1. Among A:336, A:389, A:346, which is the only one that is at negative phi, surrounded by 14 or more Cβ atoms within 10 Å (Cβ to Cβ) and more than 22 Å from the chain's Cα centre (by Cα)?
2. State which residue is farthest from residue A:292 (Cα to Cα) when the search covers only segment A:216-246 and only residues that are open to solvent by 10 Å² or more (accessible area, probe 1.4 Å) and touching a strand residue (DSSP E or B) at 6+ places or on another chain (Cβ under 7 Å).
3. Say we look at segment B:121-147 and pick out the residues that are touching a residue at least 12 places away in the same chain (Cβ under 8 Å) and of a type in the set (D, E, K, R); which of these is farthest from residue B:221 (Cα to Cα)?
4. Can you tell me which condition residue A:358 does not meet? The list is (1) over 17 Å from residue A:252 (Cα atoms); (2) within 22 Å of the chain's Cα centre (by Cα), and all the others hold.
5. Which of the residues spanning segment B:247-279 are more than 10 Å from every other protein chain (Cβ to nearest Cβ) and surrounded by fewer than 24 Cβ atoms within 10 Å (Cβ to Cβ)?
6. Would you pick out the residues in segment B:198-223 that are more than 25 Å from residue B:336 (Cα to Cα) and charged (D, E, K, R)?
Protein chains: 2
Amino acid sequence: MAVLEISASTYSRSGACLSPNDPLSLRLVVKNRRRSIPCSARRITKILCSVAPNQVQAPELYTTPAGVASKKECFGVFCTTYDLKSDDKTKSWKSLINIAVSGAAGMIANHLLFKLASGEVFGPDQPITLKLLGSERSFQALEGVAMELEDSLYPLLREVSISVDPYEVFQDAAWALLIGAKPRGPGMERAGLLDINGQIFAQQGKALNEVASPNVKVIVVGNPCNTNALICLKNAPNIPAKNFHALTRLDENRAKCQLALKAGVFYDKVSNMTIWGNHSTTQVPDFLNAKINGMPVTEVITDIKWLKEEFTERVQKRGGILIQKWGRSSAASTAVSIVDAIRSLVTPTPSGDWFSTGVYTTENPYGIAEDIIFSMPCRSNGDGDYELVKDVIFDDYLWERIKKTEAELLAEKRCVAHLTGEGNAYCDLPEDTMLPGEQ
Amino acid sequence: MAVLEISASTYSRSGACLSPNDPLSLRLVVKNRRRSIPCSARRITKILCSVAPNQVQAPELYTTPAGVASKKECFGVFCTTYDLKSDDKTKSWKSLINIAVSGAAGMIANHLLFKLASGEVFGPDQPITLKLLGSERSFQALEGVAMELEDSLYPLLREVSISVDPYEVFQDAAWALLIGAKPRGPGMERAGLLDINGQIFAQQGKALNEVASPNVKVIVVGNPCNTNALICLKNAPNIPAKNFHALTRLDENRAKCQLALKAGVFYDKVSNMTIWGNHSTTQVPDFLNAKINGMPVTEVITDIKWLKEEFTERVQKRGGILIQKWGRSSAASTAVSIVDAIRSLVTPTPSGDWFSTGVYTTENPYGIAEDIIFSMPCRSNGDGDYELVKDVIFDDYLWERIKKTEAELLAEKRCVAHLTGEGNAYCDLPEDTMLPGEQ
């Protein structure tokens with residue numbers, strides 16, 4: 001790995017010096033791992049590339065034009081890219097979007113990044129930049145991930161940058177997929193976990209607020225994801241609260257699969273599956289509103305005892321069983337569910353169906369407490385936004401369980417008041433509600 | 001995991017007994033992990049499902065119609081599937097194809113299986129069955145993989161079965177992706193590795209010959225992959241020799257990336273990249289015939305010293321650097337390269353371009369020794385078959401290196417003569433040519 005101190009520079013294939021307006025303009029190659037020095041004040045930055053400039057034919061130094069920000073640490077072949085509009089193959093493509101991923105050296109990201117790069121998430125005409133956030137400890141692993149992305153030759157993947165600074169990674173991000181979180185250490189209480197991760201998500205919220213695209217969509221995967229998402233939201237007042245999501249899609253997918261198994265149908269026959277509430281053991285997979293072959297689940301599966309006593313447990317135990325069998329957590333299917341969650345926001349929801357995502361409860365039509373992140377049924381017209389589904393029904397059994405997961409989220413919120421700017425924290429979490437197999 | 005002894009059975013969603021011609025016919029749910037008893041003689045088989053029949057509503061016993069084979073061990077929700085032709089959403093789809101994957105509990109497969117299931121390899125109208133081959137030791141992990149596939153709800157993935165018996169897994173396979181191989185133990189010579197893996201691939205060749213689709217395409221990934229593919233081919237005389245491939249696509253992808261880096265262009269500008277010969281350190285990444293922006297590489301990169309002395313080394317060191325940085329081998333990019341290798345056979349090759357794959361040399365136009373598996377430039381019209389590219393040029397430098405990798409493959413072949421039915425083995429492998437970072 002060549003790391004050398006030079007001014008921000010670029011070079012052309014032919015070796016000629018380029019004007020900033022040249023259609024063959026190449027990307028700035030700069031490193032900026034610490035935010036302590038304001039970027040505009042910097043003269044000396046670092047280049048980080050798997051090829052050093054003196055290994056590129058006839059590189060020419062390039063002076064950063066005044067006013068051009070240079071807060072990016074690109075990687076290898078991704079330091080060099082063409083103006084997509086000047087190339088016949090790519091000129092009809094959409095504009096490049098920045099996708100920031102935290103925990104980028106971890107196993108979930110190791111599945112997700114290649115799915116994002118392949119085009120299966122944003123479509124075959126959407127070029128992307130992947131901006132990978134890791135830790136000092138994982139920095140070498142991040143380089144390894146970037147190398148594998150290089151070697152995969154995905155045409156839609158035009159830029160990759162890696163950093164340990166959220167202010168760099170979130171710069172102009174259209175999507176922020178926040179996977180990274182600290183695992184719970186031995187003997188750590190849930191309150192301790194909320195605090196240690198809450199601090200990370202408070203910092204990331206501030207960074208998003210300052211540098212991300214004003215309409216950035218944020219999906220929080222790192223646990224405890226609902227309250228982490230709330231903390232992130234509270235620290236990012238300039239970003240619409242509606243844009244923050246906590247991932248409950250893996251729970252939804254598992255619930256669909258378990259209903260399909262019980263009914264003896266293929267999983268594509270199960271629809272309208274809601275996960276209500278927290279991504280924890282208080283979550284409520286809703287069999288009252290779900291459908292199988294368009295019919296209410298309760299008309300297809302008449303074993304109500306199973307639905308009430310076994311179904312939820314089966315959904316929640318899935319991760320734990322997987323750890324036992326496979327020795328690893330469910331990285332692959334979690335990555336698939338992140339893909340599903342994004343696709344549900346960027347493609348129109350099929351008629352009559354909906355999906356679940358943990359979103360901000362203010363102005364919800366159900367009477368759920370306001371000002372928390374709660375998984376609820378949503379529809380999208382494919383523009384990245386969503387609306388809550390109104391035509392759902394409740395019975396005492398469902399509502400009682402919704403109130404229990406709501407109470408937990410309100411308790412978690414009190415526990416992180418110091419991180420949301422709402423005074424002193426008061427922690428009275430009654431029990432461990434972490435899902436088996438998760439950290 | 002419920003395992004119970006019953007006759008081969010099925011059941012309908014409504015609980016009614018089904019005739020074999022019913023469009024809602026469900027799949028047989030049987031387990032057959034040992035091949036010692038001929039299948040036709042079996043009366044008692046095992047069901048293996050993540051849901052037991054008594055947990056499915058109103059199951060009915062079903063008698064296997066005479067002549068219906070029942071050699072499958074399905075998994076969970078995949079034990080239950082509809083007739084695709086009877087469903088509006090799926091009736092225009094192609095017929096289901098069986099894809100067998102060995103080493104299915106490993107990390108390469110963990111990336112690959114989800115790519116196969118997503119439709120990115122065989123297209124959005126090609127439903128697939130995944131037949132996973134593992135070992136006794138990895139059987140629980142296989143179940144974990146199958147669970148994650150269940151939870152991913154891929155509409156195109158209609159069946160998943162898991163087994164430790166290649167005769168079961170390869171039954172009617174249209175594709176066999178042979179990833180599994182023994183890693184080299186401490187102090188083991190390459191000859192020892194050839195022998196231990198050769199035995200596995202001899203057995204798998206016999207199984208393919210007996211039970212696979214007669215036109216099955218076989219891609220060998222497990223190392224040493226060229227000679228493993230040759231052994232497999234020699235043990236499967238009923239399958240066209242042309243159908244056996246050794247994976248050199250990751251080498252091709254890495255070579256393209258390194259040329260792009262050196263030239264300061266994006267990797268999609270590099271074409272006509274051949275890897276000649278063995279997937280080992282004697283491999284020849286061919287810069288003489290490769291092109292950048294349609295121009296010979298040697299006209300774009302005039303640093304011939306770099307091309308001759310550094311380029312090949314950079315391609316080959318990639319895996320080793322990755323192990324150092326990332327602590328793992330290149331599972332993700334290997335899986336991507338398997339996807340690329342398959343897609344190159346099932347989609348027409350772009351005009352003027354080609355791809356590399358290790359194939360049988362008999363009747364090759366280059367004068368390479370016959371009767372070995374050698375990576376060469378190929379084109380396909382997308383029907384799963386390929387033809388060798390004729391318009392390539394050679395110079396002394398290129399030819400000399402091709403002869404060296406050819407000599408190695410001929411030596412490897414002599415070393416496994418006992419496994420290819422060609423007499424006694426004679427091993428005179430001069431040196432360790434395993435690629436860094438591979439086992």
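1. Details: A:336 fails: more than 22 Å from the chain's Cα centre (by Cα); A:346 fails: more than 22 Å from the chain's Cα centre (by Cα).
Only one candidate qualifies: A:389.
2. A:233
3. B:125
4. Checking residue A:358 against (1) over 17 Å from residue A:252 (Cα atoms); (2) within 22 Å of the chain's Cα centre (by Cα), the one that fails is (1).
5. B:271, B:272
6. B:206, B:210
Here's the yes/no breakdown for (1) among the aliphatic types (A, V, I, L, M); (2) more than 23 Å from residue B:163 (Cβ to Cβ); (3) open to solvent by 80 Å² or more (accessible area, probe 1.4 Å); (4) at pLDDT 85 or above:
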site	(1), (2), (3), (4)
B:56	yes, no, no, no
B:63	no, yes, yes, no
B:73	no, no, no, no
B:80	no, no, no, no
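Yes/no per residue for (1) assigned to a helix (DSSP H, G or I); (2) within 17 Å of the chain's Cα centre (by Cα):
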{"residue": "B:132", "(1), (2)": "no, yes"}
{"residue": "B:146", "(1), (2)": "yes, no"}
{"residue": "B:181", "(1), (2)": "no, yes"}
{"residue": "B:203", "(1), (2)": "yes, yes"}
{"residue": "B:227", "(1), (2)": "yes, yes"}
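The values are calculated or read from the model by the stated rules, or taken from the named source; none is laboratory data. Keep in mind that this is a model prediction, so the values were computed, not measured. Positions of Cβ are generated from backbone atoms using ideal geometry, with glycine treated the same way; all protein chains shown enter the neighbour counts. For the accessible areas, the whole protein counts, side chains as well, though only heavy atoms, and no ligand, DNA or RNA atoms are used. Shrake-Rupley method; radii C 1.70, N 1.55, O 1.52, S 1.80 Å.
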